[in-house]
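Coordinate-derived values only; no laboratory data. Computed from a predicted structure; not experimentally measured. All Cβ positions, glycine included, derive from the backbone under ideal geometry; neighbour counts span all protein chains shown.
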Amino acid sequence: MNTVSKASGLTSQGVISKLLRPIDAARHLGVSPSLLNALRGSGNGPPFYKMSARLVVYDVDDLNTWARRDRRVSTSDDGTIMASANAGSGLSPGTHGGVK
């Protein structure tokens, strides 16, 4: 995997675990790089760091948290079942149409 280190710009937890370039972030999530790009452009994707005009990277912890936001227990679950199960965990039901 193409990892990128960064000396500053800490996550909300104060630690950057591992940074991935978009192609590796997409692989990590199980989506195409073009879908990840479209989600980033629309503001519906996972948080990212824009290191320069041409370099975007994703923190693995942010990817995992974002992917869990759309977790469901059935096709009829509108997100409220997992939301109640995750109460107090900091997770909330997603509205961004991401990975399930």
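Which order results if Val31, Val57 are arranged by neighbouring Cβ count within 10 Å, fewest first?
Result, fewest neighbours first: Val31, Val57.
Could you list Asp62, Asp70 so that the one with the fewest beta carbons within 10 Å of its beta carbon is first and the one with the most is last?
Lowest count first: Asp70, Asp62.
Mind giving me the FRET efficiency for Ala53 and Ser76? R0 is 41 Å, r the Cβ-Cβ distance, nearest 0.05 is fine.
Working from the Cβ atoms, E equals 0.40.
Please arrange Thr80, Thr75, Thr65 by how many other C-beta atoms lie within 10 Å of their C-beta, fewest to most.
Thr75, Thr80, Thr65
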